[in-house]
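Inspection log for the structure reproduced underneath, given as structure tokens.
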Amino acid sequence: MRKAALTSLTDAERELREIRSAGAVFGLLDIDDEFFVIVRPAPSGARLFLSDATAALDYDIAAEALEMLDADIEPEELEEAEPFEEGDLGLLSDIGLPEAVLGVILDESDLYADEQLGRIAREMGFADELSAVLDRLGR
């Protein structure tokens, strides 16, 4: 995906929809190793998961995610809150990542976003492929 996908969920969703695949398509967006967004295009609109809603204070893409999720959270609430997830915890449950497992990964608050995404990849069986992509990107 192009770098614009890390700043706009609309761009990320468009790029994911353009991928031709016989299976499920979803994107894992690691934003500055601070938080991540999972985007899964669906006929009725994208299904989303935001690992840290408080990131909306500093990142437009997190604020966009909250808006797309129709989350009724005031900025003042975010300023006083500890990090918390928002969205569909079960958006990958039908393809190998049960909601409970994603919850356990999120509970490991000492992990950076890239480490949490690595755990997701291991649980879903594509850790080697993710590692190869990250190596190509020099990460």
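Quick test for you: out of Arg40, Arg17, Arg47, pick the one residue that is open to solvent by 70 Å² or more (accessible area, probe 1.4 Å) and closer than 21 Å to Glu129 by Cβ.
Result: Arg17 is the single residue among Arg40, Arg17, Arg47 that is open to solvent by 70 Å² or more (accessible area, probe 1.4 Å) and closer than 21 Å to Glu129 by Cβ.
Could you check, for the range 3-11, whether at least one of its residues is under 15 Å from the mean Cα position of the chain (by Cα) and part of a loop (DSSP other than H, G, I, E, B)?
For the range 3-11, residues under 15 Å from the mean Cα position of the chain (by Cα) and part of a loop (DSSP other than H, G, I, E, B): present.
Look through Leu9, Leu66, Leu97, Leu102 and report the one residue that is surrounded by 13 or more Cβ atoms within 10 Å (Cβ to Cβ) and modelled with pLDDT under 95.
The unique qualifying residue is Leu9.
The values are calculated or read from the model by the stated rules, or taken from the named source; none is laboratory data. Nothing here was measured: the structure is a model prediction, and the numbers come from that model. Note that each Cβ is placed from the backbone with ideal geometry, even for glycine, and that neighbours are counted across all protein chains shown. The protein model used for the area step is the full one, side chains on, heavy atoms only, and it has no ligands, DNA or RNA in it. Shrake-Rupley method; radii C 1.70, N 1.55, O 1.52, S 1.80 Å.
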